[in-house]
Amino acid sequence: MARIISVVLLCACLAAADQEEIEGGKCERIKLSQCQDLGYNWTAMPNLMGHRDQKEAEEAMEKFASIVASECSIHARFFLCSAFAPLCSEQVSGSVSACRALCETVAEDCKEQIKLLVPAVTLDCAVFPDSAVRKLCMRPPNASELYTEPQPPSRWPFHDHELREHGCPPAYTRAPTGECWPACGQHARYTQADKKSAEIWMNTIAWFSLVSTSFALLTFCAEPSRYRYPERPVVWMAACHAIVAMAHVTRSWLGPKAVSCSGGTLAVDGLASPTCVAFFSLTYYFTLAADAWFANACVAWYLTAASEWSTEALERAAAYLHAVAWGWAGAWTAAALALRRVTADELIGTCGISDAAAAALIGVPRGALLVTSVALAVGACPGIMRVRRALDSRGAKRVGRLAVRAAAGGFLYLLLAAFATGLKLLEARTREIQTNIALLAALEAGNVENTAGSSGLSVCLWLSCGIAAGAWAWSKKSAVVWRKALCPPRKAPCCAPPLLRPHHPYYKRPLHVSRV
């Protein structure tokens, strides 16, 4: 019995624990007239078609008698018998039928004869086990050595003509890390229209942010005394966002390839591209620094309102605020570079934190700063109300107007920063889970689709924070400052002699001479 089984069973792995067992079936000698002398003599019921006994199986097999008689395939009889009377052995759990490759071979050789069968009869090779995925199945004992089973499926379920020479799907190439990564200049996950739209929106908002923050900084340079503590942190916020906006504007001049590409692929490891590292360092560092200065502004307002600190006291403590803001941003930037969590974004052509590290390197630092800012702002409200009650009506009105401006600007910045952070985390999580599945589905369909959602929206929201940071300078006082700077008051002519100037104390008006 062992010799017969070794002849008729061809499977690479005998550990077929997932082979379906036949419940209640016992091995019995084959009685089907057309299935004698096949190399095995024992079968079990029910078979693949659900026949409960061999008599029922033989009656159903008569419908395929024309295929066997036509001799369209030398393996037709063995294949049909393996389906109607599968192999049964004490050494193997469950019954064993022919391999799927044999079914496909017979179906191809006898396709004309199969068409002549009654419509109710169909041949579905999907129900037969596939030896390429380590399923236990049979091959005919008289099969030639040239008969080969199909190779196991590759990592990507695509047709051979769709694969590139490196084994990656279209628009992908092999990265130095060994994985398939979007090729530089190709449309792998996004279409050209998606990239063009993201480019337009990002550049437009970057320019608005640059104009807004530049106006705030120039206003501060024109009248520095106007921006004393607790308003001074707004200047540093505007400076940080101006650098971020300038980095995006410069990227639009250089093009996405100059920043996001490393060789023939996108920068899967951002440290491999100097421009990618430079762009990431500037944008990530100064974005965190801007959030830190927003928290410092809340600290300054809290100390002013709740602890009644004066402007001079805050200025003496300014060094500590600078150390906290710049040190906080520097520590997280160094951690991201040390952990090599910098990758390129195909949609917007920039470099940022990888999706796998977005929660740790974006959610934690930005979330901590925003939560701290909210707590300090809420804590400052009772102090502001107490100060208003202690002042006269004119002073209370002035403090109330200033508090409303600060609350409106802070709420706008906080809203944009919170939405940008949450959206980035959601995009990263969605991309991390669905990228492979969506990529396979898109390439299987023969087209390329946006598989990661609107990953450029979070960047646009971050750039919008720069517009909010510079909005503090949008006021009537700023208009007065610029009017004085651009239109200075007229002075007396410098060439007039001192004694002849109208307002000189020794100036004498000429005597009136009568014409009479």
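Screening SER458 with (1) at pLDDT 80 or above; (2) hydroxyl-bearing (Ser, Thr, Tyr); (3) not in a helix (DSSP H, G or I) gives one miss only, at (3). Does region 274-285 contain at least one residue that is touching a helix residue (DSSP H, G or I) at 6+ places or on another chain (Cβ under 6 Å), open to solvent by 10 Å² or more (accessible area, probe 1.4 Å), aliphatic (A, V, I, L, M) and outside any helix (DSSP H, G or I)? No, there is no match, as no residue in region 274-285 is touching a helix residue (DSSP H, G or I) at 6+ places or on another chain (Cβ under 6 Å), open to solvent by 10 Å² or more (accessible area, probe 1.4 Å), aliphatic (A, V, I, L, M) and outside any helix (DSSP H, G or I).
In region 296-314, the residues that are free of Cβ contacts under 8 Å to residues at least 12 places away in the same chain reach residues that are assigned to a helix (DSSP H, G or I) and of a type in the set (A, V, I, L, M, F, W, C) with C-beta atoms within less than 6 angstrom, at least six apart or across chains, in these pairs: TRP309/LEU303.
When you scan region 284-309, how many residues do you find that are of a type in the set (Ser, Thr, Tyr) and over 28 Å from the mean Cα position of the chain (by Cα)? Step through it out loud before you land on a result.
So the first thing to find is which residues in region 284-309 are of a type in the set (Ser, Thr, Tyr), and the list is 284-285, 287, 302, 304, 307.
This time we only want the ones that are over 28 Å from the mean Cα position of the chain (by Cα), so: 302, 304, 307.
The total comes to 3.
I'd like to check something: does region 190-200 contain any residue that is over 18 Å from ALA239 (Cβ atoms) and in a loop (DSSP other than H, G, I, E, B)? Checked against the condition, which is being over 18 Å from ALA239 (Cβ atoms) and in a loop (DSSP other than H, G, I, E, B), region 190-200 yields at least one hit. Could you list, in sequence order, all residues of region 225-264 that are farther than 30 Å from LEU321 by Cα, open to solvent by 10 Å² or more (accessible area, probe 1.4 Å) and touching a residue at least 24 places away in the same chain (Cβ under 8 Å)? Correct list: SER252, GLY255, PRO256, LYS257, CYS261, SER262, GLY263, GLY264.
When we screen ALA222, ALA206 for residues that are small (Gly, Ala, Ser), open to solvent by less than 70 Å² (accessible area, probe 1.4 Å), modelled with pLDDT of 90 or more and under 30 Å from ALA300 (Cα atoms), the only hit is ALA206.
Looking at LEU416, LEU443, LEU500 in this structure, which one is open to solvent by less than 60 Å² (accessible area, probe 1.4 Å), at pLDDT below 75 and not charged (D, E, K, R)?
Values: LEU416 fails: at pLDDT below 75; LEU500 fails: open to solvent by less than 60 Å² (accessible area, probe 1.4 Å).
Answer to the check: LEU443.
Scanning region 235-265 for residues that are hydrophobic (A, V, I, L, M, F, W, C) and out of contact with any Gly (no Cβ under 8 Å at 6 or more places or on another chain) yields VAL235, TRP236, MET237, ALA239, CYS240, ILE243, MET246, ALA247, VAL249, TRP253, LEU254, ALA258.
What are the residues in region 322-350 that are buried (at least 22 other Cβ atoms within 10 Å of the Cβ) and over 18 Å from PHE279 (Cβ atoms), if any? Result: ALA325, single match. Filter region 23-53 down to the residues that are within 15 Å of ALA98 (Cα to Cα) and assigned to a helix (DSSP H, G or I) and list them by number. Residue satisfying the conditions is CYS35 alone. Applying a threshold of 7 Å to beta carbon distances and a minimum spacing of six or more residues, or different chains, the list of pairs starting in region 33-46 at a residue that is under 20 Å from ALA65 (Cα atoms) and ending at one that is open to solvent by 10 Å² or more (accessible area, probe 1.4 Å) and of a type in the set (Lys, Arg) reads GLN34/ARG77. Scanning region 90-104 for residues that are in a strand (DSSP E or B) and open to solvent by 10 Å² or more (accessible area, probe 1.4 Å), which turns out modelled with the highest pLDDT? If we take residues in region 90-104 being in a strand (DSSP E or B) and open to solvent by 10 Å² or more (accessible area, probe 1.4 Å), then SER95 is modelled with the highest pLDDT.
Considering region 380-413, the residues that are at pLDDT below 85 and either hydroxyl-bearing (Ser, Thr, Tyr) or surrounded by 19 or more Cβ atoms within 10 Å (Cβ to Cβ) (or both) include one that is farthest from ALA188 (Cα to Cα), namely SER393. Here region 318-349 is the region considered, the condition is being out of contact with any helix residue (DSSP H, G or I) (no Cβ under 6 Å at 6 or more places or on another chain) and not in a helix (DSSP H, G or I), and the residue that is farthest from PHE294 (Cα to Cα) is GLU346. For region 302-310, the criterion of a residue being buried (at least 17 other Cβ atoms within 10 Å of the Cβ) and among the acidic types (Asp, Glu) is satisfied by no position. Cβ separations smaller than 7 Å between residues 6+ apart or across chains give the following pairs from region 358-379 residues that are open to solvent by less than 60 Å² (accessible area, probe 1.4 Å) to residues that are of a type in the set (Lys, Arg): ALA358/LYS424; LEU361/ARG341; ILE362/LYS424. Do we have any residue at all in region 285-298 that's polar (S, T, N, Q), farther than 23 Å from ALA471 by Cβ and out of contact with any Lys or Arg (no Cβ under 8 Å at 6 or more places or on another chain)? No, because not a single residue in region 285-298 is polar (S, T, N, Q), farther than 23 Å from ALA471 by Cβ and out of contact with any Lys or Arg (no Cβ under 8 Å at 6 or more places or on another chain). Taken together, the residues in region 40-62 that are more than 23 Å from LEU117 (Cβ to Cβ) and surrounded by 16 or more Cβ atoms within 10 Å (Cβ to Cβ) amount to 6.
The values are calculated or read from the model by the stated rules, or taken from the named source; none is laboratory data. Because the structure is predicted, anything quoted here is derived from the model rather than measured. Positions of Cβ are generated from backbone atoms using ideal geometry, with glycine treated the same way; all protein chains shown enter the neighbour counts. Protein only, heavy atoms only, side chains kept; ligands, DNA and RNA dropped before computing areas. Shrake-Rupley method; radii C 1.70, N 1.55, O 1.52, S 1.80 Å.
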